[in-house]
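Participant: I'd like to ask some things about the structure below.
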Amino acid sequence: MSVLSGTAGNPLRDPRDRRLPRVPGPCAVVVFGVTGDLSRKKLIPAIYDLSNRGLLPPGFALLGFARRDWDVGDFESLARKAAQEHARTEFREDVWRRVAASLQFLPGAFDDDNAFDTLAQTLVDLEASHGIQGNAAFYLSIPPAAFPVVLKQMQRTGMADNDQAGGWRRVVVEKPFGHDLASARELNALVDDVFTPGDVFRIDHYLGKETVQNMLALRFANTLFEPIWNSHYVDSVQITMAEDVGIGGRAGFYDAAGAARDVLQNHLLQLLALTAMEEPVSFDAEAIRTEKLKVLNAISLPDDHARYAIRGQYDQGWLAGQRVPAYLDEPDVPKDSRTETYAAVRLGIETRRWAGVPFYLRTGKRLPRRVTEIAVVFKTAPHLPFDVTDTVELGHNQLVVRVQPDEGVTLRFGSKVPGSAMEVRDVSMDFLYGEAFTESSPEAYERLILDVLLGDATLFPRNEEVDASWRVIDQLEEFWAGSEPEKYRAGEWGPRGADDMLAADGRVWRRP
């Protein structure tokens, strides 16, 4: 066989070569809570997109489980509408027919033994009808309070047992992973009691975004940045996740969680770990997660919490020309709620590479615009051979990784202004994914679901990472307990205390 005639059995092909499509083996995906928003807006469209790209195996089945008196026709209607409205790729009838042929729906409550017995038997039947070979991934798109009963049902029926199934069985757990360290450990112990630890995938959809993964490529595929990626050259790091929306219909969840538990504990601390980690010995899951864990365990909080741990709550204001209500006036929010919708904190990382470099993290709702970015701010040159008036508009060099929207990287540096005088000011050099590559970036859930089916755990936090993150957040929550969050108007970049926090260090927040 020539090299160009195929890849199967080709001794010249490196099995680690990921330039070729990675297609999983035959399998089924079972989505608990399949009628919810997450399934309709993210999971089902991601399954369709994977099928459209030829990344699902011929032997594939998608099972929906929910407390609805539906048949498979009702589920197919919901799934079709979800794919048409939310899929990233073009809707094609031939692709949809393949997806529709894989659909099954099982009605039932989570405490219904008969429903789970039927589900277990359905997976057995799919081995003959769809050739799934005993392989199945279970996606828990349900409230965390429902995890125990669903996991126990899977344990009772043997659905989580690889040996009994004759194939692999994996579970996908959505955040939040508990509401504090104690509850997270309780949840992790429950999951690990039912599934083997290597088959548990704790999903943080931010880690599936192309630009987050590009942070690793930016650092470790180039010699340009790594020599200056340390405290000798880096002044500070700012990690921002800003949202221009309010809480929507999530008052029940959000008021019990708040910005720190909802975003800081998972998304932003994971971004911090990827930014600060050492080079892994290889790019397999275990090596990368090991280096991330070292960073999370090295995080230190400031002694002066009052100055360097700020939380706020949005008041009424104007956004995009419209007046928006205060958090306390949102539907179903208690009028005396002290829940924060904004959180900012300065953290340190006690390692040789990062000692003395402040990491500023902030997240908030009803901010001027939606943006997530990692900004590495470099120190100023130790000596400038120019007159002071020549460099009035010159600031710090910055490397900014934009996670969303407008995914890409910006490098900010000084350049001479055209003219007869020597005037230096900041300019930006931009890399945009949409312009540099002909193929659009896959959605985060698209990438992560594929990784689950392939058994690739690189982008999924493990138990120890969750523990380390909660140890940071629990200290903040203990300090904030019982205090009133500082008010900020909707449409502003957060409370005054957040600006004062950086001003105390002689710095200012980036305005994305």
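Participant: Would you say W70 is touching a residue at least 24 places away in the same chain (Cβ under 8 Å) and assigned to a loop (DSSP other than H, G, I, E, B)?
Facilitator: When the stated conditions are applied, W70 passes them.
Participant: Scanning for something within 24 Å of the chain's Cα centre (by Cα), of a type in the set (S, T, N, Q) and assigned by TED's automatic domain parsing to the domain that holds L151, does region 45-63 turn up at least one residue?
Facilitator: Let us first name the residues in region 45-63 that are within 24 Å of the chain's Cα centre (by Cα), namely 45-53, 55-56, 62.
Narrowing the set further to residues that are of a type in the set (S, T, N, Q) leaves 51-52.
Checking which are assigned by TED's automatic domain parsing to the domain that holds L151 leaves us with 51-52.
Looking for residues that are within 24 Å of the chain's Cα centre (by Cα), of a type in the set (S, T, N, Q) and assigned by TED's automatic domain parsing to the domain that holds L151, one finds at least one in region 45-63, hence yes.
Participant: With respect to G506, determine if the residue is crowded, with 20+ Cβ neighbours inside 10 Å, out of contact with any helix residue (DSSP H, G or I) (no Cβ under 8 Å at 6 or more places or on another chain) and in a loop (DSSP other than H, G, I, E, B). Reasoning before the result, please.
Facilitator: Values: crowded, with 20+ Cβ neighbours inside 10 Å: no; out of contact with any helix residue (DSSP H, G or I) (no Cβ under 8 Å at 6 or more places or on another chain): yes; in a loop (DSSP other than H, G, I, E, B): yes.
So G506 fails the test.
Participant: Now for a different question. Look at region 151-170 and say how many of its residues are of a type in the set (S, T, N, Q) and under 19 Å from A128 (Cα atoms).
Facilitator: Here the count works out to 2.
Participant: May I ask you to verify whether S77 is over 20 Å from I132 (Cα atoms), modelled with pLDDT of 90 or more, hydroxyl-bearing (S, T, Y) and touching a Ser or Thr at 6+ places or on another chain (Cβ under 8 Å)?
Facilitator: Values: over 20 Å from I132 (Cα atoms): yes; modelled with pLDDT of 90 or more: yes; hydroxyl-bearing (S, T, Y): yes; touching a Ser or Thr at 6+ places or on another chain (Cβ under 8 Å): no.
Considered against the rule, which asks whether it is over 20 Å from I132 (Cα atoms), modelled with pLDDT of 90 or more, hydroxyl-bearing (S, T, Y) and touching a Ser or Thr at 6+ places or on another chain (Cβ under 8 Å), S77 comes out as no.
Participant: Out of curiosity, is R68 under 23 Å from L151 (Cβ atoms) and of a type in the set (K, R)?
Facilitator: Details: under 23 Å from L151 (Cβ atoms): yes; of a type in the set (K, R): yes.
It is true that R68 is under 23 Å from L151 (Cβ atoms) and of a type in the set (K, R).
Participant: Then there is this: Which of the residues spanning region 59-70 are out of contact with any Lys or Arg (no Cβ under 9 Å at 6 or more places or on another chain) and either surrounded by 15 or more Cβ atoms within 10 Å (Cβ to Cβ) or under 25 Å from P26 (Cβ atoms) (or both)?
Facilitator: To start, the set of residues in region 59-70 that are out of contact with any Lys or Arg (no Cβ under 9 Å at 6 or more places or on another chain) comprises 59, 61-70.
The answer is G59, A61, L62, L63, G64, F65, A66, R68, W70.
Participant: Is at least one residue of region 424-445 in a helix (DSSP H, G or I), surrounded by 19 or more Cβ atoms within 10 Å (Cβ to Cβ) and assigned by TED's automatic domain parsing to the domain that holds V237?
Facilitator: Quick first cut of region 424-445, residues in a helix (DSSP H, G or I) only: 433-436, 444-445.
Right, trim to surrounded by 19 or more Cβ atoms within 10 Å (Cβ to Cβ) and you get 444-445.
After this cut, where a residue has to be assigned by TED's automatic domain parsing to the domain that holds V237 as well, the list is 444-445.
So far as region 424-445 goes, yes, one or more of its residues are in a helix (DSSP H, G or I), surrounded by 19 or more Cβ atoms within 10 Å (Cβ to Cβ) and assigned by TED's automatic domain parsing to the domain that holds V237.
Participant: Among residues belonging to region 117-137 that are of a type in the set (A, V, I, L, M) and part of a helix (DSSP H, G or I), point out the one that is surrounded by the fewest Cβ atoms within 10 Å (Cβ to Cβ). Write out each step before concluding.
Facilitator: The initial filter retains those residues of region 117-137 that are of a type in the set (A, V, I, L, M), namely 119-120, 123-124, 126, 128, 132, 136-137.
Subset that is part of a helix (DSSP H, G or I): 119-120, 123-124, 126, 128.
Working: L119: 23, A120: 17, L123: 24, V124: 13, L126: 24, A128: 8.
The residue in question is A128.
Participant: Follow-up. Quickly run through region 346-389 and pick out the residues that are of a type in the set (S, T, Y), part of a loop (DSSP other than H, G, I, E, B) and modelled with pLDDT of 95 or more.
Facilitator: Start the filter on region 346-389 by keeping residues that are of a type in the set (S, T, Y), which leaves 351, 360, 363, 372, 380, 389.
With the extra rule that they be part of a loop (DSSP other than H, G, I, E, B), the set shrinks to 351, 380.
Within region 346-389, just T351 meets the criteria.
Participant: Would you tally the residues in region 78-116 being under 26 Å from P442 (Cβ atoms) and surrounded by fewer than 19 Cβ atoms within 10 Å (Cβ to Cβ)?
Facilitator: Going through region 78-116, the residues under 26 Å from P442 (Cβ atoms) turn out to be 78-104.
Next, only the ones that are surrounded by fewer than 19 Cβ atoms within 10 Å (Cβ to Cβ) stay: 80-81, 84-86, 88-94, 97-98, 100-101.
Qualifying residue count for the region: 16.
Participant: Among the residues of region 2-13, are any at pLDDT 85 or above and either within 27 Å of D204 (Cβ to Cβ) or aliphatic (A, V, I, L, M) (or both)?
Facilitator: To start, the set of residues in region 2-13 that are at pLDDT 85 or above comprises none.
No - not one qualifying residue is present in region 2-13.
Participant: Within region 465-512, restricting attention to residues that are free of Cβ contacts under 8 Å to residues at least 24 places away in the same chain and within 26 Å of the chain's Cα centre (by Cα), which residue is farthest from V401 (Cα to Cα)? Reasoning before the result, please.
Facilitator: First, the residues of region 465-512 that are free of Cβ contacts under 8 Å to residues at least 24 places away in the same chain: 478, 481, 496, 499, 503, 506, 508, 511.
Checking which are within 26 Å of the chain's Cα centre (by Cα) leaves us with 478, 511.
On the way: E478: 32, R511: 14 Å.
Filtering first and then ranking leaves E478.
Participant: Check whether at least one residue in region 471-479 is modelled with pLDDT of 90 or more, within 30 Å of P57 (Cα to Cα) and in a helix (DSSP H, G or I), and report yes or no. Give the steps one after another, and end with the answer.
Facilitator: Restricting attention to region 471-479, the residues satisfying the condition of being modelled with pLDDT of 90 or more are 471-479.
Of the ones still in play, those that are also within 30 Å of P57 (Cα to Cα) are none.
The answer is no; no qualifying residue exists.
Participant: May I pose another question? Evaluate the following for E286: is it in the same structural domain as E243 (by TED's automatic domain parsing), assigned to a loop (DSSP other than H, G, I, E, B) and more than 14 Å from G246 (Cα to Cα)? So that I can check it myself, show each step before the final result.
Facilitator: On the way: in the same structural domain as E243 (by TED's automatic domain parsing): yes; assigned to a loop (DSSP other than H, G, I, E, B): no; more than 14 Å from G246 (Cα to Cα): yes.
Here the answer is no, as E286 does not meet what is asked.
Participant: Something else: Considering only region 270-283, how many residues are under 19 Å from the mean Cα position of the chain (by Cα) and either β-branched (V, I, T) or more than 20 Å from E226 (Cα to Cα) (or both)?
Facilitator: Residues flagged as under 19 Å from the mean Cα position of the chain (by Cα) and either β-branched (V, I, T) or more than 20 Å from E226 (Cα to Cα) (or both) within region 270-283 amount to 1.
Participant: State yes or no: is A189 more than 20 Å from D262 (Cβ to Cβ), free of Cβ contacts under 8 Å to residues at least 24 places away in the same chain and either buried (at least 18 other Cβ atoms within 10 Å of the Cβ) or among the aliphatic types (A, V, I, L, M) (or both)?
Facilitator: Criteria met by A189.
The values are calculated or read from the model by the stated rules, or taken from the named source; none is laboratory data. Treat the numbers as computed from the prediction; the structure is a model and nothing was measured. Neighbour counts are summed over all protein chains in view; Cβ atoms, including those assigned to glycine, are modelled from backbone coordinates with ideal geometry.
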